[in-house]
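The values are calculated or read from the model by the stated rules, or taken from the named source; none is laboratory data. Source: prediction; values computed, not measured. Here the Cβ positions follow ideal geometry from the backbone for every residue, glycine too, while neighbour counts run over all protein chains shown.
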Amino acid sequence: MITPKPKDEALEIIEIIDKYFPKIFEAHRSIEWLHKHTRQGKQPEWQGFFFEEYSFPLLTNFLGGWYGVRIIKGSRIDYQRHYNWDLKVHSLKDKNGKAQTGIILNDKAALDRIIKTESGIGFIICLVDFTFDTSGRLQLWRDKLENRKKPHSKPHVMKNIGKVKSIIALFIKDEKMLQQGLKTGWIEIHKQGKQLTGQPRNLKYSINLKKLPKNLIISQFS
């Protein structure tokens with residue numbers, strides 16, 4: 001059996017997601033779905049977990065494959081067939097309506113290891129135009145759903161409704177490509193804030209969509 005190229009496998013993944021994944025993210029339904037079918041119902045950034053958890057059985061049922069390699073303890077790449085693919089949701093704008101171009105990836109040390117020891121790593125990115133709930137009603141609804149005994153004193157501005165604009169993919173094939181991305185700026189190193197204990201968090205990589213060369217973007221519509 002001939003192993004497909006990363007681009008070909010990415011296009012197969014995108015085709016399945018585009019065909020069967022909902023075109024609208026809806027907070028109430030998505031959070032309820034996560035509570036019913038997964039252990040990720042209480043995640044603050046619900047949209048990313050909904051995308052991962054909903055898409056995984058679609059991909060394994062139609063294409064085969066399983067979970068990807070380990071990232072850190074208790075965490076794995078979302079999907080692996082011939083190559084490892086992590087699924088990401090990117091909000092095209094923030095709660096103030098400002099365009100967002102940075103997509104935070106995974107732990108830097110883990111991705112360095114995976115790129116070195118595996119046949120590269122790919123990212124399936126769902127680009128979404130979200131509205132935000134600034135009233136706090138969505139957070140109050142969620143507190144009630146999750147039987148939170150001490151509701152948030154200051155409700156978190158949550159993503160509410162999101163319309164899928166496109167699904168793209170990027171494949172980082174080797175260390176040379178990674179270093180080239182860092183040099184030209186489409187890959188950046190993301191510093192996280194400290195943990196609650198005061199300990200520093202691990203560095204992560206991020207993608208700058210504005211600087212990402214168009215020839216590296218894999219899309220069924222390109």
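What to note about this one:
- Residue tally, condition surrounded by 21 or more Cβ atoms within 10 Å (Cβ to Cβ) and either outside any strand (DSSP E or B) or among the aromatic types (Phe, Trp, Tyr) (or both), over the stretch 79-93: 3
- Any hit, the stretch 12-29, residues being over 23 Å from residue 163 (Cβ atoms) and surrounded by 14 or more Cβ atoms within 10 Å (Cβ to Cβ): yes
- Top-ranked residue in the stretch 152-198 [being basic (Lys, Arg) and at pLDDT below 95; ranked as surrounded by the fewest Cβ atoms within 10 Å (Cβ to Cβ)]: 154
- Sole exception among (1) more than 27 Å from residue 5 (Cβ to Cβ); (2) at pLDDT 95 or above for residue 89, by number: (1)
- In the stretch 158-167 there is at least one residue matching the filter, namely being small (Gly, Ala, Ser) and part of a strand (DSSP E or B).
- Within the stretch 173-217, the set of residues being touching a residue at least 24 places away in the same chain (Cβ under 8 Å) and either of a type in the set (Asp, Glu) or touching a Phe, Trp or Tyr at 6+ places or on another chain (Cβ under 7 Å) (or both) comprises 174, 175, 188, 189, 190, 207, 208, 211, 212, 213.
- Remark: pairs (first residue in the stretch 94-118, surrounded by fewer than 13 Cβ atoms within 10 Å (Cβ to Cβ); second residue modelled with pLDDT of 95 or more and part of a helix (DSSP H, G or I); Cβ separation under 7 Å; 6+ apart in sequence or on different chains) = 116/175.
- Test result for residue 139, touching a residue at least 12 places away in the same chain (Cβ under 8 Å) and under 25 Å from residue 210 (Cα atoms): no
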